[in-house]
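Asks: Dropping a structure here in structure tokens format, bear with me for questions.
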Amino acid sequence: MSSAWICAHNAHTDYRVLSAHLPTWAPAGVLDTLRLAKATFPDLSKYSLDALIEHVQPDLSEAPAQRHRATFDAFATAQLLIAMASRYETWDQLVAAAVPPGLPGAPEPEKDPTLW
């Protein structure tokens, strides 16, 4: 297993594609900016990359290429992650908000202390 984490917007899709093409690849964790945005900005009506760029207004002046190109979208996703991560006090809080269940790095569900 790697110690590297990845980040993607709607991470299930990218994780599935990367896993199919790189069968031995195993990131330490997967941060999803879509999931993080829903936790960070619960009152937004949309959570598309465009809607988040409009809401957060990250500095994209040095983004390569243009919107809807992989390098631009990756740059924008990274800027959105940085902006949203600053709203969380600890790594554990960020992970709880950003890692979808079933993907690497997801927190273990709390065990009910009343069960034996």
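Just so you know, all these numbers are worked out from the coordinates, no wet-lab data involved. Just so it is clear, the model here is predicted, and its values are computed rather than measured. When we count neighbours, we look across all protein chains shown, and the Cβ atoms used for this are built from the backbone with ideal geometry, even at glycine.
Asks: Can you tell me the Rg and Dmax of the chain, counting just the alpha carbons, in angstroms?
Replies: 15.4, 56
Asks: Oh, and also: Would you mind calculating the relative contact order of the chain from Cα pairs under 8 angstrom and at least 6 residues apart, reporting the percent as a whole number?
Replies: 30 percent
Asks: Now for a different question. Report the FRET efficiency, 1/(1 + (r/R0)^6), for N10 and Q57, where r is their Cβ-Cβ distance and R0 is 30 Å, rounded to 0.05.
Replies: After rounding, the FRET efficiency stands at 0.90.
Asks: For the chain, with the dipole built from +1 on Lys and Arg beta-carbon atoms and -1 on Asp and Glu ones, taken about the Cα centre, which of S86, P27, Y15 lies farthest toward the positive end?
Replies: Final value for the positive-end residue is Y15.
Asks: When the dipole is taken about the Cα centre of the chain, and only Lys, Arg (+1) and Asp, Glu (-1) are charged at their Cβ, what size is it in debye, to the nearest 20?
Replies: Roughly 280 debye, rounded to the nearest 20.
Asks: Which of A76, Q66, Y47 sits closest to the plus end of the dipole of the stretch 16-116, meaning its Cα is farthest towards the positive end, when Lys and Arg get +1 and Asp and Glu get -1 on the C-beta?
Replies: Of the options given, the answer is Q66.
Asks: Taking the Cβ of H9 as the centre, find all other residues whose Cβ is under 10 Å away and add up their charges (Lys, Arg: +1; Asp, Glu: -1).
Replies: -2
Asks: Now for a different question. With r as the distance between the Cβ atoms of S86 and D50 and R0 = 30 Å, compute the FRET efficiency 1/(1 + (r/R0)^6) and round to 0.05.
Replies: Efficiency for this residue pair is about 0.90.
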